[in-house]
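Undergrad: This is the structure I want to talk about, given as structure tokens.
Readers should treat all values here as calculations from the given coordinates under stated rules, not as data from a laboratory. Everything quoted here is computed from the prediction, not taken from an experiment. Because the Cβ atoms are built from the backbone with ideal geometry, glycine has one as well, and the counts that use them run over all protein chains shown.
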Amino acid sequence: MVEHLGLRELTTVGQDWGGPISLRYAIENRNNMRALVILNTLVRTFQTKPLIARVFFLIFANGVFSSFLTRRLDLFRRLALSRGFYRPIDPKAMEQYTLPHPNAKTRAGIAAFPKMLPTSPKHPNSSYVDEIEETLKTWDVKVLVMFSDKDAFFKVEEGKRIAEMVPNGQFAVVANAGHYLQEDAGEEIAGRMITFLGDSARPWSK
């Protein structure tokens, strides 16, 4: 799509599993990047896992039984949507999270997702994700990192580490926001991004 539309000087914004997806595009297309915005995500294989993360992987990343819980009982989505927001969410916005996956057949992707997360160096996706961190360490692209303080999975400390690791990183804590910080604090995040792109990111090429 990027090539088809002829998009240039991109700023990618990635949250959760969208972080590695957007960042892989970025490091493979460095000449087409203007800046990076990183929200509550991972840039390396999980090093230490809080209790909730260990329980998550035990339940949802263990073969057929995990797939049954996710596809047939819809447990993954129920837990994510009940715990992922810290502030009240507009019912119309919540509908957009629930409508795409009405039955077991449509939840195949949700069932596959937890198994794709690299939890050890032996995981097949470990090197794929770790290359993101190794590239960011030396890349002089401007980076804005925002992590929320009420996410049980991705911690503020990891966001700070990422921002300090990159040569041109900025960090901000999004207060009183959960895992889906783009819903809990959308206007704040958008405002920080606008300021960041106006003041910090390299100007558009002419």
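Undergrad: What helices (runs of 4 or more DSSP H) lie completely within the range 1-106 and have 2 or more residues being crowded, with 19+ Cβ neighbours inside 10 Å and in contact with a strand residue (DSSP E or B) (Cβ under 7 Å, 6 or more places away or on another chain)? Break it down stepwise before answering.
TA: Details: elements: 2-5, 18-28, 51-60, 63-67, 75-83, 91-98.
Ranges flagged: 18-28.
Undergrad: If the Cβ limit is 7 Å and pairs must be 6+ apart or interchain, which residue in the range 104-126 that is on the phi < 0 side of the Ramachandran plot pairs with which residue that is of a type in the set (Asp, Glu)?
TA: As it stands, the answer is Arg107/Asp74, since those pairs meet every condition given.
Undergrad: Step by step: first the residues of the range 161-180, then only those that are more than 15 Å from Leu144 (Cα to Cα) and of a type in the set (A, V, I, L, M, F, W, C), then the one that is nearest to the chain's Cα centre (by Cα). Which residue is that?
TA: Among them, the one singled out is Ala177.
Undergrad: Separate question: How many of the residues making up the range 63-110 are aromatic (Phe, Trp, Tyr) and more than 18 Å from the chain's Cα centre (by Cα)? If you could, list the steps in order and put the result at the bottom.
TA: Restricting attention to the range 63-110, the residues satisfying the condition of being aromatic (Phe, Trp, Tyr) are 65, 68, 76, 85-86, 97.
Then keep just the ones that are more than 18 Å from the chain's Cα centre (by Cα); that gives 65, 68.
So the answer is 2.
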